Structures are given as structure tokens and as C-alpha cells.
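Novice: Just passing along the structure, written as C-alpha cells.
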Amino acid sequence: MMDMVKAPLLKGQAPLLKGLLSYHGENNALFHMPGHKGDPHGILTSILGNVMKLDVTEVPGTDNLHYPEGILRESMDLLTRAMRSEESRYLVNGSTGGILAMVMGCFRPGDRVLVQRDCHQSVYNAIALSGIQPVFIDPGINEEFGIPTAIDTETVVKAMSSNPGLRGFILTSPSYFGVSPDLDGISDICRSNGMKLLVDEAHGSHFYFGEDLPVTAMDCGAAASVCSFHKTLPSLTQGSVINLGKGAQEEDKDRIRHYLRVFQTSSPSYVIMASLEAARLVMETEGYELLKCVKSMIDSLSESIRDIPGIRLLKEADLKGLRKDYTRLVLNTPITGNHLSEVLRRDYGIQAEMAAGNNIVFLGSCFDDEGMYHRLRDAIIDLDSKGMFSKSLSGRNNSGTSKLPSPVTMIPEREALFESWEVIAFEQAEGRVCAERITPYPPGVPVLMTGELVSRDAVEHLMRLEGSGANILKSRSGGRGTIAVISRNVENK
Ligand SMILES: Cc1ncc(COP(=O)(O)O)c(C=O)c1O
């Protein structure tokens, strides 16, 4: 730990550094983002060397991210080839900035657009900023695991026939649980109906570099997509890319470039961009083999815990025709994912990516090493021998926290933020208008937005979520069992 930061620094006031070093010192098996996993084999370090020396700014010779003509242009041309897109660009504040830019660039205010209900909060931000009219469609629930599945083509066709004049579709592929829809089929429907398909591929960057993985947005002709390289590939946190595809018109691309200049800093980090180039390089040259290797480690883990009664690993066969990313491990047990996550961290030095209901999600990446999977296998076998999976602490509450309430906007968020508000108990909130964002994190999918009606479903959903120990971010009320609502009586139009 000391070798990472000079000792005198640790004596001073550096709580952030101390906290990071303390986490590092626990030497956990990292089943979470970022995908470089601390670079255990030194591959990134061998490419990037002393990154401080790469931390430069836009001077002659280093190009300009917003008007690339030199080394960034060249680097992003290589990225474009790797992503099989019409044009791919680096993003330095994660996929969030790319999602804002692609929605703003592709749609006009007032356009009616299909949106997957469980999309990430950045899509909700894009809806609020762009003024599009979302038509939400629900991906449905896999009852066995209690997780959202993916939108199927029938649902899209049905939504289109009851909502004529739709301009596009914003969907997520894959989900946090590694589930992907029939993107080819959905893309065909969109194309033949003049709808632009925008795909949040934040969790699917590695699909571009391996086999046996779900189809990518660029390969099926989407207008645009974003990939958080930092989540599943070896690049630094915040490093993402935006892909402009066959489905985008030249005018869309021009507006997307404009909004990338609006939403991204004018001082982009060259260290992040260099790490994106390094990730592309590693994946193009070794990604195929590295992904095969992680698949075999995951297969062997699955094999060794397969027969333990009471636990189940999500497989493609559980998903009725949908695709499943093999690098995302979803383990369903009789105890809550949050409780299992705490035990794994405390007693076995294993940190998972996320817990939801009775599921715990482990993020595999091509920078994993075998030791991590052995540690996880041994922990699960040990917990089983202690009867952890036979005694049910909570009862298997599979679908309770997955079905999201339907959003009803009473006041657009931008206006609602100027309203006076008060904090009350959930139980008293039914029929009031929410005055904050309420977002379980992860996965970062809002349950309620500022300006939305607090329905009975929403109240019950929030109570179940809090009961399950989920980490819920509330932008104003903060506390458990409470919610900020707009003080005045808002008439239902
Ligand atoms: C589905 C999904 N989309 C978009 C994002 C935003 O990505 P980023 O963190 O790269 O901004 C996330 C982040 O967790 C996500 O889970």
C-alpha cells in the first residue's frame, strides 16, 4: 500500500487517498467495474507507462477532441474500424455525455419516441433536456430470477400500432444482468418504419471483440450507440465511446457532434483517451483469446457450484430466446443479494458489482485472473457447508423489486425543480407529486422523477426496495421511509 503513495502524504489530510488505499489494501477479488480490474498482469501499464507524463492538454501536436484533425482523428479512425461503425468518438465523461448527445442530436422537441422503462438515469436526463415525448415500454420480468428481461419484437410492434408516428426507439442492450433483446429483429422493425434506433450499450463494449456474445448495435444498423469501455474493457473510469451507425442521417451526425461539444469538457483528459486507445489495441490484438479465457473460467466456476441446492446461476436457457452475456454472473439464492454481498466482502474478500432482490451480480472481464474465480467458488462452497443457502433469511422475494411503477408526469422536471417542496413519509405520499429523483444505485434506474405522480404502486415499490436493504439515492429527502413532494396541490390534467 505504501508503495502507491508517498508516506508523508498519509500523515496529512488526504481522506480520499486514504480511503482508496484502504480499499486497495483489503486485496479483494474485484468482481466490479472498472473492467481493467487494477491491471493484474500489467498489460495497460506496459502500454501507458507513467500516465502522468501523458496528462497533457490541447497544444500543437496533441489535436483537439472537438475538432479532431491530427492524432485524435487517426486514433478515432482506428476505433471506428474496430467498432464497425460509420464514425466512433471518444467520450471522457462516460457514456452519460454520449447518451445526452445522441438523444438531443437525433430527435426534435415534441418527437414521440419509444423508451425502455428501465433505462439508465442518463436517458431520463436526455428526455428531460430534449423535450421529447417518451412512450415507455416495459421489458417484463423473468419470474424465476425476479429480474427485468428485454423488450421483444412483439411488444415493439404492439406499441407502434397504439402510438402512430413514433420517431425512434431508445433501448438498453445488454441490461445490468447481461440480458440482450433480439436487436436484429428490433432494428429491422425500426428501419422499415422510419424510426431511429438508439442503443445504450454501456455494458456491452466487449461484444465487439469476442464470439458467442449478443449482437452489437453497429452490426445491426442502429443510428447510434454508446459503450462504456471502462465498465467491461481495460480502460480508465469515464472512458467511453459513441458510435454513429448506418441508421443515422448526416444531419443527425452533425447535431450529435455539436452536442458532444456541449456536454463534454473543453479540457478532455488525454490519459483517459490514451487508455481508450490502449483498450482498443488490446482487444483488437488479444481480446478474442482473453474473452475465451474468461469464458472458460466462468464455465468452470458454474460447473463447480451447479449442484448446490438452493442457488441458481442465470443462463441463456432461462431467458426464452433472449441472449445472455456470459461474462455477467447473476447468482440467485434464498438470501438477499445485499446480505450475501456483505458476507462475501467481510468474510472472503470478494466484492460483487451489484445486488438486487435475491440476486447478486458479478462482473467478469477479460482482465480477470483465475485466482478470483477460485476464491469465489471456495466461498460459495464454504457458505453452503455452513447452511447459508438452506436457511432463508428473507424468503425468496424474486419479483417484488423488479417491476417498476409506470411513470405519470404531472409537471415537466425542469419546471418541477422550481416548486416549493416538503418531506413526508412514504405512507402519506400517494397522490402527491414527487419533488426529487429516487434512484436505486446501482443500477441507476429511477423509480420516480421530479414532477411525477406518486402512485400507490410507486409507494409500495419504494417500501419493498427499502425493506430489501437496497441503496437508494434520493436527491432531496435523503432519509429512509421519506420522500420529498411538491407542497402545493397539483391538479391532474
Ligand atoms: C445501462 C447504463 N447506461 C448508461 C450508464 C452511464 O454510463 P457511464 O457511467 O459510463 O456514464 C450506466 C452506468 O451505470 C448504465 O448502467
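Rule-based calculations on the coordinates, nothing more; no lab input. For clarity, every value in this text was computed on a predicted model and none was experimentally measured. As a convention, Cβ positions derive from the backbone with ideal geometry for all residues, glycine included, and neighbour counts pool all protein chains shown.
Novice: Beta carbons within 10 angstrom, averaged per residue: use that to sort the peptides 355-367, 336-348, highest first.
Specialist: Descending mean neighbour count gives 355-367, 336-348.
Novice: Another question, then. What distance in nm lies between label points placed 7 Å from Cα along the C-beta direction at residue 262 and residue 135?
Specialist: Placing both labels 7 Å along Cα→Cβ, they lie 2.5 nm apart.
Novice: Determine the gain in length on full extension of the stretch residue 369-residue 472; use 0.36 nm per residue of separation and subtract their C-alpha separation, reporting nm with one decimal. All intermediate terms of the calculation are to be shown ahead of the outcome.
Specialist: Working: separation 103, 0.36 × 103 = 37.08 nm, distance 3.20 nm.
Between residue 369 and residue 472, full extension yields 33.9 nm more.
Novice: Place the peptides 22-30, 148-156 in order of packing, highest mean first, counting for every residue the other Cβ atoms within 10 Å and averaging per peptide.
Specialist: Going from most to least packed, we get 148-156, 22-30.
Novice: Sticking with this one: Compare the peptides 261-274, 240-253, 219-232 by average per-residue count of other Cβ atoms within 10 angstrom and give them in order, highest first.
Specialist: With the highest mean Cβ count within 10 Å placed first, the list reads 219-232, 240-253, 261-274.
Novice: Cα centroids of region 435-465 and region 308-335: how far apart, whole angstrom?
Specialist: One Cα centre to the other: 26 Å.
Novice: Towards the positive end of the charge dipole of region 325-449, with charges on Cβ (+1 Lys, Arg; -1 Asp, Glu), say which of 374, 361, 431 has the farthest Cα.
Specialist: The listed residue farthest towards the positive side: 374.
Novice: Show the residues, 5+ positions off or on another chain, whose built amide H is closer than 5 Å to the amide H of residue 112.
Specialist: Correct list: 133, 167.
Novice: Out of residues 5 or more away from residue 403 or on other chains, whose amide H comes under 5 Å of its own, with H placed 1.01 Å from N in the peptide plane?
Specialist: Amide H to amide H, under 5 Å and 5 or more residues apart or across chains, residue 403 pairs with nothing.
Novice: Reported to two decimal places, what Rg/Rh ratio describes the chain when computed on Cα atoms with Rh from the Kirkwood expression? List each step's numbers first, then the result.
Specialist: Details: Rg = 22.7 Å, Rh = 23.7 Å.
Here the Rg-to-Rh quotient is 0.96.
Novice: Whole-Hz ³J(HN,Hα) for each residue in region 246-257, computed from phi via Karplus 6.51 cos²θ - 1.76 cosθ + 1.60 with θ = phi - 60°, x for glycine and proline: what do you get?
Specialist: Values per residue, Gly and Pro as x: 4, x, 9, 7, 4, 5, 4, 4, 4, 5, 4, 4 Hz.
Novice: Let me ask you something else. Output wanted: per-residue J couplings in Hz (rounded whole) for region 354-367, from phi through Karplus 6.51 cos²θ - 1.76 cosθ + 1.60, θ = phi - 60°, x for Gly and Pro.
Specialist: Along region 354-367, the couplings run 7, 10, 8, x, 9, 10, 10, 10, 10, 9, x, 8, 6, 9 Hz.
Novice: Amide H of residue 142 versus every other amide H placed in the peptide plane: which residues, excluding those fewer than 5 positions away on the same chain, fall under 5 Å?
Specialist: Those lying under 5 Å, H to H, from residue 142 are 147, 149.
Novice: Is there a quick way to get the dipole size of region 285-385? I mean about its Cα centre, with the Cβ of Lys and Arg at +1 and of Asp and Glu at -1; what is the value in debye to the nearest 20?
Specialist: 400 debye
Novice: Okay, next question. Roughly how many debye, to the nearest 20, is the charge dipole of the chain about its Cα centre, given +1 on each Lys and Arg Cβ, -1 on each Asp and Glu Cβ, and no other charges?
Specialist: 920 debye
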